[in-house]
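**Q** Take this structure first; my questions come after.
The values are calculated or read from the model by the stated rules, or taken from the named source; none is laboratory data. Since we're looking at a predicted model, the values are computed, not measured. All Cβ positions, glycine included, derive from the backbone under ideal geometry; neighbour counts span all protein chains shown. These area figures cover heavy atoms from the full protein model, side chains too; ligands, DNA and RNA do not enter into them. Shrake-Rupley method; radii C 1.70, N 1.55, O 1.52, S 1.80 Å.
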Amino acid sequence: MYTTATIEKNERQNSGKILFVVSFTGDKSEPEVRKDFIVTADTQAFKNLLIAEISNLNAALGLTDLLVGQPVDLTPPDPPPPPEPDPPTPKELFSIKVDLLRQMEKAIESKIKLATDQDYIDLQAEIKVDLAANPDWIDVF
């Protein structure tokens, strides 16, 4: 694993930028990697750049497991599933029931449904119970 970045060269360019030649070495038998960086940023930004480069080098170590001639799957990973929606509140459930009741009433007006159908009667009863327990939900109508 690459662990050390050593500055081999620090040279100001005519453009005012600074050329750094940096060697990266590991704690095992990783080969030394030398890279040039032309920098205009401050010291902390340069350190962050070196940290990112060490991270990339370490990630690349896993690529040595690939064999010559081995096909590489380039299929992008599946996106993460969308977050679960919040469950509806009791008042939102009541509103859904009222909307369903209205749809049933339109079906009754169109003679598609009967006012004596049990699901319609049950839904009316549920809405009455909910409204009796929560009189302020009358604004849903």
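**Q** Give region 10-30 a look and list any residue that's surrounded by 12 or more Cβ atoms within 10 Å (Cβ to Cβ) and either assigned to a strand (DSSP E or B) or modelled with pLDDT of 90 or more (or both), or say none.
**A** Initial filter on region 10-30 (surrounded by 12 or more Cβ atoms within 10 Å (Cβ to Cβ)): 17-26, 30.
Those that are surrounded by 12 or more Cβ atoms within 10 Å (Cβ to Cβ) and either assigned to a strand (DSSP E or B) or modelled with pLDDT of 90 or more (or both): Ile18, Leu19, Phe20, Val21, Val22, Ser23, Phe24, Thr25, Gly26.
**Q** Filter region 60-81 for residues that are open to solvent by 70 Å² or more (accessible area, probe 1.4 Å) and either in a helix (DSSP H, G or I) or under 19 Å from Asn10 (Cα atoms) (or both) and give the result. First the steps, then the outcome.
**A** Step one: filter region 60-81 for residues open to solvent by 70 Å² or more (accessible area, probe 1.4 Å), giving 63-81.
Within region 60-81, Leu63, Thr64, Asp65 qualify.
**Q** Next up: Quick one: is Leu93 free of Cβ contacts under 8 Å to residues at least 40 places away in the same chain and farther than 30 Å from Gln13 by Cβ? Give the derivation first.
**A** Working: free of Cβ contacts under 8 Å to residues at least 40 places away in the same chain: yes; farther than 30 Å from Gln13 by Cβ: yes.
Taking the combined requirement at face value, the residue satisfies it.
**Q** Among the candidates Lys111, Lys97, single out the residue that is in a helix (DSSP H, G or I), more than 30 Å from Ile38 (Cα to Cα) and basic (Lys, Arg). Break it down stepwise before answering.
**A** Working: Lys111 fails: in a helix (DSSP H, G or I).
Unique residue meeting the criteria: Lys97.
**Q** Which one of the conditions (1) more than 38 Å from the chain's Cα centre (by Cα); (2) open to solvent by less than 80 Å² (accessible area, probe 1.4 Å) does Lys111 fail to meet, given that it meets all the rest?
**A** Condition (2) is where Lys111 drops out.
**Q** Additional query: Report, by residue number, each residue of region 126-141 that is open to solvent by 50 Å² or more (accessible area, probe 1.4 Å) and of a type in the set (A, V, I, L, M, F, W, C). Talk me through it step by step, then tell me what you get.
**A** Looking only at region 126-141, we keep the residues that are open to solvent by 50 Å² or more (accessible area, probe 1.4 Å), and these are 126, 128-129, 132-133, 135-136, 138-139, 141.
Those that are open to solvent by 50 Å² or more (accessible area, probe 1.4 Å) and of a type in the set (A, V, I, L, M, F, W, C): Val129, Ala132, Ala133, Ile138, Phe141.
**Q** Inside region 31-55, can you point out the residues that are of a type outside the set (A, V, I, L, M), surrounded by 11 or more Cβ atoms within 10 Å (Cβ to Cβ) and assigned to a helix (DSSP H, G or I)?
**A** Phe46, Lys47, Asn48, Glu53, Ser55
**Q** Taking only region 114-141 into account, find how many residues are over 17 Å from Pro90 (Cα atoms) and in a loop (DSSP other than H, G, I, E, B). Outline the logic, then answer.
**A** As a first pass, look at region 114-141 and keep what is over 17 Å from Pro90 (Cα atoms): 114-122.
Next, from what is left, pick out any that are in a loop (DSSP other than H, G, I, E, B): 114-117.
Qualifying residue count for the region: 4.
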